[in-house]
Amino acid sequence: MNMSEIAKQAEAVLKHNDLGNWTRPVPGVYPHQWLWDSCFIAMGWANFNVKRAETEILSLLRGQWRNGMMPHMIFSGDRDNSKHLPKMWDSRLSPYAPDDVATSGITQPPLVAQAVSYIGQKMSASQRKRFYKKVLPHLVAYHTWLYEERDPHNQGLVILIHPWETGLDDTPPWMEAMHSHSKPLWIKLIELSRADKIIEKLRRDTRQMPADERASTVESLMLYNITRRLRRKAYDSDKIMAHSHFLIEDLFFNAILIRNNQLLKNIASEVRVSLPNNLLSSMNKASKALDELWDDKSELYFSRYFISRDFILQPTIATLMPLYSGAITKKRAEKLVELLHRHDMFAANYPIPTVPLSSPHFHHRRYWQGPTWLNTNWLVYDGLLRYGYLEEAELIKRKSLELIAKSGFHEYFSSVDGYGAGVVPFSWTAALALVLEKA
Ligand code: GLC
């Protein structure tokens, strides 16, 4: 596939996965609307249908909770789709959940301001102002919710309460945190009786993909158990903060939030609206607070447990995300760029692996534990460009498009041999191919 062929096919993928006002990640395994997927997808649409890109974002707003939270999933009302997930989350338990759509009760990386600004750049000035004015109150409510509910001590870093909020579902630091708690008895019994092997056969994802490339069934049950605990507390942040096992200042999420704070400020200033003082003060703290996640000894950034303040010493793709935040010094950026060149870290044949090549967790095709994803590549690419690392950015762009030309619009790719893995045709891969191709 040459470049114009990639762009043509990428448009066809988005049209194929389009459900009118929003786009599924892929038909079948992922039939619902996901928050960060729709942000990347909207950026893709903006390259050939700005109106449709705008609709993708507006459709996300229908899922926003009355307290400002933007849920990581809005369930498709389609009767053919499984009712199991809406039931599992049961968002109606919260007084803040919307009445007319079922959603999950957690959020995902906050890239809405990013998508809105990207789309805005493709609009005329008057169109842009109208669009920005429409979405701004929702963005303000979302970022305010993040700081008010998830930064209880007002220190500038928000806390995540479920691994899925990172978007990197089974990323090693969160799996380490999950395994450090003893398993509930019912999961131990399932494991002992080897019933997990039977459950594996009922899983939707492993019917379509090799089981050893996905999270294990026991891990999936543990993830389900975390969801169940949040549901029992009706997604009430105070109750969750008081009792949860998982309170983590996640590096990936906070770096993304910091960049999106800046983009939100730009959006507000373009339409001459002042942001609330409490939000501005949290935003200002955030950039400095990111520095606390730097470990002098290893010269790496890490996520941190909120209670013990211990780092979770597992480098992953999150290690590079402060580049995207734009909030670190040039000296720190240089340190991160060195990691891209190191063969024990991120210098894979098809960069950027989601876990360093020398990590004991690395597997070139296992979900979020080593393969290359187009969305994390784009985030690092964007950060590199803003810090002036044009050569490194260009390499990531070239290799990302090469992956698609070689293997198609897969969910993710082996970082070693470039073969496609996961589901296909995957919407954000197509969307980001358009974004990179037009860059
Ligand atoms: C998986 C991914 C998550 C994504 C979702 C839909 O759960 O880990 O990041 O949003 O699929 O594509």
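What is the percent of Cα-Cα separations in the stretch 298-439 that go past 28 Å? The calculated P(r) of the stretch 298-439 puts 15 percent of pairs beyond 28 Å.
The share of C-alpha pairs in the stretch 1-120 whose separation exceeds 26 Å stands at 21 percent. For the chain, the relative contact order comes to 19 percent (Cα pairs under 8 Å, sequence separation of at least 6). For the Cα trace of the chain, dividing Rg by the Kirkwood Rh returns an Rg/Rh value of 0.93.
Express in nm, to one decimal, how much length is gained between Arg342 and Ser287 on full extension, taking 0.36 nm for each residue of separation and deducting their alpha carbon distance.
17.1 nm
Leaving out ligands, DNA and RNA, what percent of the accessible area of the chain is carbon and sulfur, probe 1.4 Å? That share works out to 52 percent.
Per residue, the chain exposes 40 Å² of accessible surface when a 1.4 Å probe is rolled over the protein heavy atoms with every protein chain present. Under 19 Å from a label point set 7 Å out along the Cα-to-Cβ vector of His16, the amide N atoms of the stretch 352-385 belong to 374-375. Inter-label distance, Lys335 to Glu191: 3.6 nm, where each label sits 7 Å from its Cα along the C-beta direction. Between the C-alpha center of the stretch 48-81 and that of the stretch 323-361 there is a gap of 33 Å. Given a Förster distance of 30 Å, report the FRET efficiency between Arg203 and Glu176 from their Cβ-Cβ distance, rounded to the nearest 0.05. It comes to 0.85. For Tyr301, nonlocal amide neighbours, meaning residues 5 or more places apart or on other chains whose placed amide H falls under 5 Å from its own, are Asp295.
Normalise the Cα radius of gyration of the stretch 208-291 by 2.2 N^0.38 Å (N = residues in it) and let me know the number.
Against the empirical 2.2 N^0.38 Å value, I get 1.56 for the stretch 208-291.
The stretch between Asn266 and Ser4, if pulled fully straight at 0.36 nm per residue, gains 91.1 nm over its current Cα-Cα span.
Take the Cβ-Cβ distance between Lys83 and Glu394 as r, set R0 to 35 Å, and report the resulting FRET efficiency rounded to the nearest 0.05.
0.15
The values are calculated or read from the model by the stated rules, or taken from the named source; none is laboratory data. Because the structure is a prediction, the values reported are computed rather than measured. No Cβ is skipped: glycine too gets one built from the backbone with ideal geometry, and neighbour counts run over all protein chains shown. Side chains are part of the model used for accessible areas, which takes the heavy atoms of the whole protein and leaves out ligands, DNA and RNA. Shrake-Rupley method; radii C 1.70, N 1.55, O 1.52, S 1.80 Å.
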